[in-house]
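Written out below as C-alpha cells is the structure these notes cover.
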Amino acid sequence: MKTDPNCIFCKIVAGEIPCAELLADEAALAFVDIGPLAEGHTLLIPKAHYETLDQMPADLAASVLRHLPALAAAVKKATGCEAFNVLQNNGPLAHQVVPHVHFHIIPRSPGGRFQFNWPAGEYPEGRMQQLADAVRSHLT
C-alpha cells in the first residue's frame, strides 16, 4: 500500500497517531475530525496515500466511497442535524490542508458557524459548450 511517512493521515492509518475511529476496512478509514466545523464532523479517507482525488485509481475510489451513504446517515442520526455537506478539497488553492485525499461529512443545523461563499456566475454565449468539449476530449 502506498504511504507517506510524513503524512498525518498515513500515521493515523498506521496506528502511530490515535483517532476516534468510526469504521475501517482494507481500503478506507473513517474517524471524527479533531478540528470540527460542526459537532460530529467526520472524515473518510483511503488508507493508501494519494494527495488528490484525480490521482486515485477508480476502483479504490469506489471502495472508499461505498461507505459514504451509510456514514453520512449515521452522522446525521447521531448528531440530530437537519442536513449535511460532503466536501472534498484538492490542492492548497482549494483549501486542502492535509495532502491526503479525504472527504468531510459536515453536519448542518440552524445557527451553525460554517458558511459557504458561493458566488455563482454565468458563461458567455458558447463558452459552456467549449468547456464541455474540452473536458470530454480528456476523459479516458
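Quick check on my filter: what residues within segment 35-93 are among the small types (Gly, Ala, Ser), out of contact with any strand residue (DSSP E or B) (no Cβ under 9 Å at 6 or more places or on another chain) and under 20 Å from Ile12 (Cβ atoms)? Result: Gly35, Ala48. Given the residues Val101, Val32, which is the only one that is surrounded by 19 or more Cβ atoms within 10 Å (Cβ to Cβ) and either of a type outside the set (Phe, Trp, Tyr) or over 17 Å from Lys2 (Cβ atoms) (or both)? One residue alone meets the criteria, Val101.
Against the test of being within 13 Å of Ile105 (Cα to Cα), crowded, with 20+ Cβ neighbours inside 10 Å, modelled with pLDDT of 95 or more and out of contact with any helix residue (DSSP H, G or I) (no Cβ under 9 Å at 6 or more places or on another chain), the options Val64, Val75 yield a single qualifying residue, Val75. Only residues that are closer than 30 Å to Leu60 by Cα and either part of a loop (DSSP other than H, G, I, E, B) or over 23 Å from the mean Cα position of the chain (by Cα) (or both) were counted in segment 91-112, giving 9. When residues in segment 113-139 are screened for being under 23 Å from Gln88 (Cβ atoms), of a type in the set (Gly, Ala, Ser) and in a helix (DSSP H, G or I), 2 of them pass.
Of all the listed residues (Arg127, Arg113, Arg136), the sole one being modelled with pLDDT of 95 or more and surrounded by fewer than 10 Cβ atoms within 10 Å (Cβ to Cβ) is Arg136. In segment 10-26 there is no residue that is closer than 28 Å to Asn117 by Cα and either surrounded by fewer than 18 Cβ atoms within 10 Å (Cβ to Cβ) or over 13 Å from the mean Cα position of the chain (by Cα) (or both).
Search segment 88-101 for residues that are within 17 Å of His41 (Cα to Cα) and pair each with any residue that is surrounded by 10 or more Cβ atoms within 10 Å (Cβ to Cβ) and hydroxyl-bearing (Ser, Thr, Tyr) when their beta-carbon atoms are under 7 Å apart and the residues are at least 6 apart or on different chains. From residues that are within 17 Å of His41 (Cα to Cα), the pairs are Val101/Tyr50; Val101/Thr52.
Total residues in segment 35-54 satisfying the condition of being farther than 19 Å from Ser109 by Cα and exposed (fewer than 13 other Cβ atoms within 10 Å of the Cβ): the figure is 1.
The values are calculated or read from the model by the stated rules, or taken from the named source; none is laboratory data. Everything numeric here is computed off the predicted structure, so don't read it as measured data. Methodologically, a virtual Cβ is constructed for each residue, glycine included, from the backbone with ideal geometry; neighbour enumeration extends over all protein chains shown.
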